[in-house]
Amino acid sequence: MTRRESLVADGALALTTVIWGTTFPLNKQILEILPPFGFMCLRFVLATVALALVARGSLARLDRRAWGAALLLSALLFLGFAFQLYGLRMTTPTKNAFLTSVSVPMVPFIGLWILRHRPGIASWIGCGLAFAGSLILTYQPGILIGPGDLLTLVCALCFAVQIVMMSKLMPGRSATAMTTAVCLCTALFSGAAWFVFREPRIDPAVVPWGAMLWLGVIANGIPLLVQSWAQKHTTAVHVAVIYALEPLFAALFSYLWLGDQMTPQAWVGGGVILAGVVVSEL
């Protein structure tokens, strides 16, 4: 991987965090209408359909090992989203975004264990700054960790493992085909959970289809495709540090849409996160 490829990949990942920042307030609003697993299933069905139009024949060329890799990645993705959405029902979008970012300091350690890859000192410092910035961004005195927050921490662990496994399993495979396969399997996992947990059926008349298309195609399909491609050209630690930008944009969009407070503390936290991203690139 060249320096230019790494920078392009990191820039593409940074743009996805802007998109993901919009999902926290949207998720909070839609979960008041739709059941969590039904919501997830619909999101990933929309993502699968959109990606399948692009993947076409490349999806059929995936071998058994590739489908096994897609199944593992989709299981981690499903668990991450499931714990995140159920956690979001019992906490605020800003806290949910921050606790999801706990995956950042987890990634280097999981990478050491799975990939046997020791990050450089700049990556460690970048991870530390990114996590510290997330803490400054969302810290509110007197707020205890509740059940929704604990679920979100489990979500962070699932996403951290997923980031590392993407670096292990994606090289040498078609990013478009693998992303389509992952979205398809995640939709199937979500549909099965929807049935097993006996969640209510979804009335198409109450579905906010504009928001669902945004969440399914723009906020699910495209970012996962970008991640699948980018992790061929950058490291898992870089991905984790850049994804720490997500709570900054989540706080910003929560402020714009839901009226959450955007304090000077939040801006300082965002600045520290940006510093972490810059340092990790050194």
Could you tell me which of the residues 236, 230, 192, 175 is closer than 15 Å to residue 9 by Cα and free of Cβ contacts under 8 Å to residues at least 60 places away in the same chain?
-> 175
Filter region 128-151 down to the residues that are modelled with pLDDT of 80 or more and closer than 30 Å to residue 171 by Cβ, then identify the one that is surrounded by the fewest Cβ atoms within 10 Å (Cβ to Cβ).
-> 128
Condition test on residue 58, is it under 15 Å from residue 158 (Cα atoms), assigned to a helix (DSSP H, G or I) and among the hydroxyl-bearing types (Ser, Thr, Tyr)?
-> no
Looking at region 24-54, which of its residues are modelled with pLDDT under 85, open to solvent by 10 Å² or more (accessible area, probe 1.4 Å) and assigned to a helix (DSSP H, G or I)?
-> 26, 28, 29
Condition test on residue 221, is it at pLDDT below 80, touching a Leu at 6+ places or on another chain (Cβ under 8 Å) and buried (at least 19 other Cβ atoms within 10 Å of the Cβ)?
-> no
Looking at residue 81, is it in a helix (DSSP H, G or I), open to solvent by 20 Å² or more (accessible area, probe 1.4 Å) and closer than 20 Å to residue 152 by Cα?
-> yes
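The values are calculated or read from the model by the stated rules, or taken from the named source; none is laboratory data. Being a predicted model, the structure only gives us computed values, none of them experimental. Reconstructed Cβ throughout: ideal geometry from the backbone, glycine too, with neighbour counts over all protein chains shown. Heads up: the accessible areas ignore ligands, DNA and RNA and are worked out on the full protein's heavy atoms, side chains in. Shrake-Rupley method; radii C 1.70, N 1.55, O 1.52, S 1.80 Å.
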